[in-house]
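Colleague: Here it is, the structure in full.
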Amino acid sequence: MNEERARLYLITPPRLSDVAAFAHVLTEVFSAGDVACLQLRLKDASDEEILAAAKTIQPICVAHDVALLINDRPDLALQADADGVHIGQEDASYKEARELLGTDRIIGVTCHDSRHLALEAAEAGADYVAFGAFFASQTKEPKTSAPVDILAWWAEMTEVPCVAIGGLTVDNSVPLIEAGADFLAVSNGVWGYSKGPAAAVSDFNDLIDRTEKNGALKV
């Protein structure tokens, strides 16, 4: 079902030079406010590096009731015993991922700016769909630009949750929450926040608490 309150969906930095140091920061971040899940997305990392990072990060996620998702690779999600996987349109299909991971793990699907892809994913059984990019991103070159009204349309169409992704920050996310985003997927908007990652999580949660879906910012 759609969340009554939007929640944070964190994405790791694309590279982690020191996983142990990141784990310490992650503990502080999870302690600063509500976080629904963490997607482990390591650009150009080997399978062994991804699995090692997951092994370090997973206990912290469990301790803070944060779901750990692996980007792109359902096989690695299974090996890591992660909570699920996020797949893009060029990765394994939803059907392949579900056959490998079974019925209990989370599978989310990138749908870019496509209503058709989102409806297909929802009909297939995806646990959530992701729309974007809504803004320019410093983490990943967006393939598409999604209009904000696709979130409102989705909220009217179905109860399958939707994730808004692409360049989200504390300063630009209000329209996405108002339109009906269930989750705000954030990477650099947290890790590169001027006051630090923990402060970013706190400020995002304050923003979410003050913003109503299909409403307005409360002063």
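Values in this text are rule-based calculations from the coordinates and carry no lab data. Note that the structure is predicted; figures quoted are calculated from it, not measured. In this analysis, Cβ positions are derived from the backbone assuming ideal geometry, glycine residues included, and neighbour counts consider all displayed protein chains.
Colleague: How big is the gap, in Å, between the Cα center of segment 90-120 and the Cα center of segment 136-192?
Modeller: 18 Å
Colleague: If the reach is capped at under 20 angstrom between alpha carbons, list the aspartates and glutamates near Lys95, excluding any in the same chain fewer than eight residues apart.
Modeller: Leaving aside aspartates and glutamates fewer than 8 places away in the same chain, those within reach of Lys95 are Asp72, Asp75, Asp81, Asp83, Asp104, Glu120, Glu123, Asp127.
Colleague: Would you mind checking which residues have amide H under 5 Å from Gln39's amide H? H placed 1.01 Å from N; only 5 or more apart, or other chain.
Modeller: Amide H neighbours of Gln39, under 5 Å, 5+ apart: Leu10, Ile11, Thr12, Leu69.
Colleague: If you don't mind, another one. May I ask you to evaluate 6.51 cos²θ - 1.76 cosθ + 1.60, the Karplus curve with θ = phi - 60°, for each residue of segment 80-88 and list the ³J(HN,Hα) values in order in whole Hz, giving x for glycine and proline?
Modeller: Residue by residue, segment 80-88 yields 7, 6, 6, 6, x, 9, 10, 10, x Hz.
Colleague: Also, I was wondering about something else. For segment 7-209, just the Cα atoms, rotate onto the principal axes and tell me the three extents in Å, largest first.
Modeller: The principal-axis extents, from largest down, are 42, 39, 28 Å.
Colleague: Give me the extension gain from Glu49 to Ala124: residue separation times 0.36 nm, minus the current Cα-Cα distance, reported in nm with one decimal.
Modeller: Value of the extension gain: 23.9 nm.
Colleague: Suppose the Debye formula is applied to equal point scatterers at every Cα of segment 47-157; what is log10 I(q)/I(0) at q = 0.16 Å⁻¹?
Modeller: Relative scattering, expressed as log10 I(q)/I(0), comes to -0.80.
Colleague: Given 0.36 nm per residue, what is the gain on full extension from Thr56 to Glu156 after removing their alpha carbon distance, in nm?
Modeller: Gain on extension, Thr56 to Glu156, equals 32.0 nm.
Colleague: Let me ask another. What is the list of residues in segment 40-70 whose amide nitrogen lies under 20 Å from a point 7 angstrom out from the Cα of Ser31, following Cα to Cβ?
Modeller: It comes to 56-67, nothing else.
Colleague: To continue, here is another question. Note down the Stokes-Einstein diffusion coefficient of segment 1-95 in µm²/s, whole number, using a Kirkwood radius over alpha carbon pairs, 37 °C, and 0.692 mPa s.
Modeller: For these conditions, the coefficient is 239 µm²/s.
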